[in-house]
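Shown next, in structure tokens, is the structure this report addresses.
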Amino acid sequence: MSDGKPPRHVVLVGFMGTGKSTVSRRLAELLACGTRDVDAEIVKREGEEIAAIFAGRGEGEFRAAETEALRAVLGAEDALVVATGGGAVLSPINRELMVQRGFVVALTADPEQVIARVSQDPDRPLLQGDVRQRVYKLLEDRKGAYDFAHLTIDTTSLSVDEVVERIAQAISRFRTSQHSI
């Protein structure tokens, strides 16, 4: 970080269906801090559901709104656990914001597990059509996109509590090395 201070937030990134929203709530409980979901922040700020933004204004407009929402959330004074949308990492500006202001954790999962988790969710605009084909294509397109994270955890065969515990241990090690988070 450029200002020499350690990040105050924990930022969860990863492909859709890897557990970001669920893990963020449980981790915030454990850390006794707030949690924010960037997608929910976008909906609140824009007054439209994400699928409607994609359909009416396109992905480019959605990504611009996502950057502004992320900037606002990560500008909060109080420590937060922040769940991002799966594509938030596509923007270099977003990645820089996350690394500067947070301890970034990438959640991953086996493609078949992702498909099982998201196949019945109509609110995922990037998965219209053949879900299996779209998941594999998006995973290929985003290969390496989450590599900037401080920590990566494969959630495929872990419970939410196991994922949270691994993150908490990593945060503790990070705090020790940085003196505080």
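The values are calculated or read from the model by the stated rules, or taken from the named source; none is laboratory data. As the structure is a computational prediction, the values presented were derived from the model and not from experiment. Cβ placement follows ideal geometry from the backbone for every residue including glycine, while neighbour counts extend to all protein chains displayed. The area values use the complete protein model at the heavy-atom level, side chains included, leaving out ligands, DNA and RNA. Shrake-Rupley method; radii C 1.70, N 1.55, O 1.52, S 1.80 Å.
Annotation: amide H-H contacts under 5 Å for Thr108 (H modelled 1.01 Å from N, sequence separation of 5 or more, or interchain): Ile153, Asp154, Thr155. Restriction of the trypsin sites (Lys or Arg not before Pro) in the range 135-174 to DSSP coil positions whose beta-carbon has at most 14 other beta-carbons within 10 angstrom yields Lys143. Within the full protein context, the accessible area of Glu165 is estimated at about 90 Å² for a probe radius of 1.4 Å.
Computed over the chain, the per-residue total of -39500 (n - 2.57) for DSSP H runs of n ≥ 4 gives a 222 nm mean residue ellipticity of -16500 deg cm²/dmol, rounded to 500.
Compute, for the range 1-91, the length of the dipole vector about the Cα centre, with Cβ point charges of +1 (Lys, Arg) and -1 (Asp, Glu) only. Units Debye, rounded to 20. It would help to have the intermediate numbers written out before the result.
Details: 11 positive and 14 negative charges, 59 e Å.
Value, rounded to 20: 280 debye.
Annotation: extensible slack from Glu48 through Ser21 equals 7.8 nm (criterion: 0.36 nm per residue apart, minus Cα-Cα distance). Under a model in which nothing but the beta-carbon of Lys, Arg (+1) and Asp, Glu (-1) is charged, the range 37-161 shows a dipole of about 280 debye around its Cα centre.
Mind checking the full-extension length gain between Ser157 and Glu140? Use 0.36 nm per residue of separation minus the Cα-Cα distance, one decimal, nm.
Working: separation 17, 0.36 × 17 = 6.12 nm, distance 2.14 nm.
Using 0.36 nm per residue and subtracting the Cα-Cα distance, I get 4.0 nm.
Relative contact order of the chain: 33 percent, from C-alpha pairs under 8 Å at least 6 residues apart in sequence. Near Val82, the amide H atoms lying under 5 Å from its own belong to Val10, Val11, Leu12, Arg36; only residues 5 or more places off or on other chains count, and H is placed 1.01 Å from N. Once the Cβ-Cβ distance of Thr176 and Gln133 is raised to the sixth power relative to R0 = 35 Å, the FRET efficiency obtained is 0.20.
Spin-label model, Arg71 to Glu112: label points 7 Å out along the Cα-to-beta-carbon direction sit 4.4 nm apart.
If you sort Thr22, Thr152 by accessible surface, 1.4 Å probe, largest first, the order is Thr152, Thr22.
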